[in-house]
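Peer 1: Pasting a structure below so you can have a look.
The values are calculated or read from the model by the stated rules, or taken from the named source; none is laboratory data. Predicted model, so just to flag it, every value in this text is computed and none were measured. Heads up, the Cβs are rebuilt from the backbone with ideal geometry, glycines too, and the neighbour counts pull from every protein chain shown.
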Amino acid sequence: MADIPRNHPVLRLGTRQSPLAMAQARETANRLCAAHGWAEGAVELVPVVASGDKIQDRPLAEIGGKALWTKELDAWLAAGEIDASVHSLKDVETLRPEQFTLGAILERADRRDRLLGAASIRAIPQGAVVGTSAPRRAAQLLHARPDCKVVTFRGNVATRMAKLASGEADATFLAAAGLERLGESGVGTPLDAQDWLPAPSQGAIAVECRSDDQEVRALLSAIDHAATRAEVLAERALLEALGGTCHSPIAVLCEQDGDALAMRAAIYSADGADRTEGEARFAAGDLDAPRALGRDLLARATPAIRALFGGEP
């Protein structure tokens, strides 16, 4: 970007104001500065309080879905008040306005969930109360442990850990990547991603910019991680085919397998009683294969599962 005045930031990155979001924005800024040889301060962080952070007493699906994490930043980006937005990609709607594009997807961190309050799913006490607001985690838990009771747990990482410590639940789940970014990598027990499939795009940070801003797109491309992009775009293609929403329990593991990608996905009924699983192997960049897997899962799913799918992603 030419003619930047001295001490003027080269890029303005919008971010939610939560501690984890700020940590992710700082990581993005540091990567940009390292990639371009910029001095500290060349990237300005512009925080916003997202609607999803303001309402903590109800499940996200009841109050507007994933758009509550993005709408304020979208407005700023569209108005040119920021040059790009930093998001946890798992919180970004599958179908986005054409005026925005994923300018960079950072190398994926640990995609696993961590279980707090017990050493394993099997070790959770009989009849335990487990806190989570994620339909995927609730359904997976109830599928494996129908004796457990699920209660809504919302809030940032510190809030949920405090709720657990105060006895509001016996156990809960947090994303390993988020804990690591907050310096809490020793908290909880990591769950094997082969047995406990993660959320689509979990562990991936995305940087979104205006589609027509070629200068910013060029700058962001320096920190784009091709292998992670291939994985998460495949996972988002699966979501698109499923018509998944915030109500939809979707679990997926997509990994490099030689020169291809291997995907395992499962969808559930809300109570976890019904589960449909499928697999696919395909070339990186082939989005038709994960879409076909999504359609196959829906075709084989029970009515209780299908009732939760087919909406606006």
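Peer 1: Could you tell me which of the residues GLY167, GLY127 is surrounded by fewer than 17 Cβ atoms within 10 Å (Cβ to Cβ) and in contact with an Asp or Glu (Cβ under 6 Å, 6 or more places away or on another chain)?
Peer 2: Only one candidate passes the filter, namely GLY127.
Peer 1: Okay, next question. Can ARG16 be described as modelled with pLDDT of 95 or more and not hydrophobic (A, V, I, L, M, F, W, C)?
Peer 2: Values: modelled with pLDDT of 95 or more: no; not hydrophobic (A, V, I, L, M, F, W, C): yes.
Judged against the criteria, ARG16 is not a match.
Peer 1: State which residue is surrounded by the most Cβ atoms within 10 Å (Cβ to Cβ) when the search covers only segment 36-50 and only residues that are under 20 Å from ALA218 (Cα atoms) and in contact (Cβ under 8 Å) with a residue 12 or more places away in the chain.
Peer 2: Top of the filtered list is VAL43.
Peer 1: Let me ask you something else. With the requirement that a residue be surrounded by 22 or more Cβ atoms within 10 Å (Cβ to Cβ) and not aliphatic (A, V, I, L, M), what does segment 229-253 give you?
Peer 2: Scanning segment 229-253 gives GLU231, GLU235, ARG236, GLY244, SER248, PRO249.
Peer 1: Among what's in segment 139-158 and is in contact (Cβ under 8 Å) with a residue 24 or more places away in the chain and among the charged types (D, E, K, R), pick the residue that is surrounded by the most Cβ atoms within 10 Å (Cβ to Cβ).
Peer 2: My answer is ARG154.
Peer 1: List pairs: first in segment 296-313 and over 13 Å from TYR268 (Cα atoms), second small (Gly, Ala, Ser) and at pLDDT 95 or above, Cβ under 7 Å, 6+ apart or cross-chain?
Peer 2: ASP296/GLY278
Peer 1: Also: Of all residues in segment 159-215, how many are touching a residue at least 40 places away in the same chain (Cβ under 8 Å) and assigned to a helix (DSSP H, G or I)?
Peer 2: Counting residues in segment 159-215 that are touching a residue at least 40 places away in the same chain (Cβ under 8 Å) and assigned to a helix (DSSP H, G or I) gives 10.
Peer 1: Which one of these is at pLDDT 95 or above, out of contact with any Phe, Trp or Tyr (no Cβ under 8 Å at 6 or more places or on another chain) and in a loop (DSSP other than H, G, I, E, B): ILE82, ILE124?
Peer 2: Details: ILE82 fails: out of contact with any Phe, Trp or Tyr (no Cβ under 8 Å at 6 or more places or on another chain).
The match here is ILE124.
Peer 1: Further question: For segment 68-79, which residues satisfy the criterion of being out of contact with any strand residue (DSSP E or B) (no Cβ under 8 Å at 6 or more places or on another chain) and either touching a residue at least 60 places away in the same chain (Cβ under 8 Å) or buried (at least 17 other Cβ atoms within 10 Å of the Cβ) (or both)? Let's see the steps before the verdict.
Peer 2: If we filter segment 68-79 for residues that are out of contact with any strand residue (DSSP E or B) (no Cβ under 8 Å at 6 or more places or on another chain), which is where we start, we get 68, 71, 75, 79.
Once the filter is applied, which keeps residues that are out of contact with any strand residue (DSSP E or B) (no Cβ under 8 Å at 6 or more places or on another chain) and either touching a residue at least 60 places away in the same chain (Cβ under 8 Å) or buried (at least 17 other Cβ atoms within 10 Å of the Cβ) (or both), segment 68-79 yields only LEU68.
Peer 1: Looking only at segment 200-236, filter to residues that are hydroxyl-bearing (Ser, Thr, Tyr) and within 18 Å of the chain's Cα centre (by Cα); which one of those is farthest from PRO290 (Cα to Cα)? Explain how you work it out, then say what you get.
Peer 2: Of the residues in segment 200-236, the ones hydroxyl-bearing (Ser, Thr, Tyr) are 201, 211, 221, 228.
Then drop every residue that is not within 18 Å of the chain's Cα centre (by Cα), which leaves 201, 228.
Values: SER201: 14, THR228: 15 Å.
This residue is THR228.
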